[in-house]
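Trainee: There's a structure below that I have some questions on.
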Amino acid sequence: MCRPGNVLKIKNKRRPRRADGVDLRIPIHLAVIMDGNGRWAGKRGLPRTAGHRAGAENLENICKACIEQGIQYLTVYAFSTENWSRPAEEVDTLMDLFIEFIHRFDTKMAREGIRLRFAGDLAGLPSRLQSIIARAEETSRHRDRLQLIIAINYGGRRELAQACRKLAEQVQSGQIEPDSIDENLIRSVLYLSDVPDPDLIIRPSGEQRLSNFLIWQSAYSEFWFSDVLWPDFDRKHLLAALKAYTLRDRRFGGVKQI
Ligand code: IPE
Ligand code: IPE
Ligand code: MG
């Protein structure tokens, strides 16, 4: 992912949008930690997997709302490198759900112009899921209204460890000198180095932590937390987050612009 403002094609045109009388400033890149599926199901006496299904369905609505608002990149945290520690039955159901979702989403979202991309240690996923991921990335490559990035088997620490390994290999093969390693070079070996850093990170479900999400890329992100569980997180919650973001003063270490 690259610096804010270093944006590639702008197809999802930015128009002034309003919420509660406020002209919204729209983030180029929004990231969401889709948390609270299990608790959502538990409150209804349903198995946790029913919560994951409801959460996956909700993603379709939020994608449409992001397109409406002119957001260009939406990264969603779907499965962390730590989530393998869950009971095998839950993990297996999640892997099946990802296959089903990507398959369905790929066809359904074609008309919405959504490009699907994936960030994470994809080699660690079941091989069937890996093939579906590769196909979805390929078939949606030309779509340009919204880039939906699914972080799956993703861990910020894993991403940095893999980046270090790639740079070490480049040093070993004589492609680069150790002295040339700087922030830009590190960025160039992250999973999706062309994607700008997230401007805003939303975490629903009441937790206020990153849980190993985008630890490099979030250096200057704004954060917005909500107690709503992900399957219930809808357009109005998104607009509330965008309104709060609009009122933030992003200084990037500089001084306030008057
Ligand atoms: C997020 O919901 C989905 C994944 C981590 C796969 P959770 O399953 O963490 O739901 P809670 O936090 O237990 O409610
Ligand atoms: C973070 O949620 C990962 C995803 C939403 C995919 P977790 O539920 O795994 O995070 P913790 O365990 O509460 O930190
Ligand atoms: Mg959770």
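The values are calculated or read from the model by the stated rules, or taken from the named source; none is laboratory data. None of these values were measured; they are calculated from a predicted model. Reconstructed Cβ throughout: ideal geometry from the backbone, glycine too, with neighbour counts over all protein chains shown. What goes into the accessible areas is simple: the full protein's heavy atoms, side chains included, and nothing from ligands, DNA or RNA. Shrake-Rupley method; radii C 1.70, N 1.55, O 1.52, S 1.80 Å.
Trainee: Which three lengths, in whole Å and largest first, does segment 52-167 cover when its Cα atoms are put on their principal axes?
Mentor: Taking max minus min along each principal axis of the Cα atoms, segment 52-167 gives 37, 36, 24 Å.
Trainee: Can you work out ³J(HN,Hα) from phi for every residue in segment 72-88, in order, using Karplus 6.51 cos²θ - 1.76 cosθ + 1.60 and θ = phi - 60°, giving whole Hz and x for Gly and Pro?
Mentor: 9, 10, 10, 9, 10, 8, 9, 7, 9, 5, 8, 5, 4, 6, 6, x, 3
Trainee: Under 1.5 on a/c is rounded, so check that first for segment 153-258, then, if it is not, pick prolate when a/b is larger than b/c and oblate when it is not; a ≥ b ≥ c are the square roots of the alpha carbon gyration tensor eigenvalues.
Mentor: Oblate, since a/c reaches 1.5 and b/c is not below a/b.
Trainee: While we're looking at this one, here's another question. In whole Hz, with x marking every Gly and Pro, tabulate ³J(HN,Hα) for segment 117-130 from phi via Karplus 6.51 cos²θ - 1.76 cosθ + 1.60, θ = phi - 60°.
Mentor: Running phi through 6.51 cos²θ - 1.76 cosθ + 1.60 with θ = phi - 60° gives 9, 10, 10, x, 8, 5, 5, x, 8, x, 5, 5, 5, 4 Hz.
Trainee: Please list, ordered by chain and number, the residues whose modelled amide H lies under 5 Å from the amide H of Asp35; skip anything fewer than 5 residues away on the same chain.
Mentor: When sequence neighbours closer than 5 places are left aside, the close amide H contacts are Trp230.
Trainee: Another question about this same structure. Would you work out what percent of the accessible area of segment 126-188, with all protein chains in place, is carbon or sulfur (probe 1.4 Å)?
Mentor: Within segment 126-188, the accessible surface is 48 percent carbon and sulfur.
Trainee: Which value, in Å² rounded to 10, gives the accessible area of Glu82 with a 1.4 Å probe and all protein chains present?
Mentor: 90 Å²
Trainee: How big is the dipole moment of segment 158-214 about its Cα centre under a simple scheme where the beta carbon of each Lys and Arg is +1, that of each Asp and Glu is -1, and everything else is neutral? Debye, nearest 20, please.
Mentor: Roughly 340 debye for segment 158-214.
Trainee: Still on this model: Quick one: how many Å² of Lys256 are accessible to a 1.4 Å probe, rounded to 10?
Mentor: For Lys256, solvent-accessible area is about 130 Å².
Trainee: Rolling a 1.4 Å sphere over the protein heavy atoms, what is the accessible area per residue of the chain, to the nearest Å²?
Mentor: 50 Å²
Trainee: For a quick check of understanding: with a 1.4 angstrom probe and all protein chains in place, what accessible area in square angstrom does Asp194 have, to the nearest ten?
Mentor: Approximately 50 Å² for this residue.
Trainee: Return the sequence-ordered ³J(HN,Hα) values of segment 105-115 in whole Hz as given by the Karplus equation 6.51 cos²θ - 1.76 cosθ + 1.60 applied to θ = phi - 60°, using x for Gly and Pro.
Mentor: With the stated coefficients, segment 105-115 comes to 5, 4, 6, 5, 8, 4, 6, 8, x, 9, 8 Hz.
Trainee: Further, regarding this structure: Over all directions, how big on average is the projection of the convex hull of the alpha-carbon atoms in segment 23-103, in square nanometres?
Mentor: Taking a quarter of the hull surface, the average projection is 6.5 nm².
Trainee: Where q = 0.17, 0.25, 0.32, 0.34 Å⁻¹, what log10 of I(q)/I(0) comes from the Debye formula for segment 184-225, counting one point per Cα?
Mentor: -0.50, -0.91, -1.22, -1.29
Trainee: Let me ask you something else. At most 15 other C-beta atoms within 10 Å and a DSSP loop state: those are the exposed chymotrypsin sites (Phe, Trp or Tyr not before Pro) I care about. Give me the longest piece of the chain that has none.
Mentor: With chymotrypsin sites (Phe, Trp or Tyr not before Pro) excluded where exposed in loops, the chain gives 1-219 as its longest stretch.
Trainee: Hey, another quick one. Could you work out the local net charge near Thr75, counting Lys and Arg as +1, Asp and Glu as -1, over the other residues with Cβ closer than 12 Å to its Cβ?
Mentor: After counting each charged neighbour, the total is -1.
Trainee: Given the chain, what percent of its DSSP beta bridges are antiparallel, to the nearest 5?
Mentor: 10 percent
Trainee: Next question, about the same structure. At q = 0.08 Å⁻¹, what is the base-10 log of I(q)/I(0) for the chain according to the Debye formula with one equal point scatterer per Cα and no solvent? Please give it to two decimals.
Mentor: Log10 of I(q)/I(0), two decimals: -0.32.
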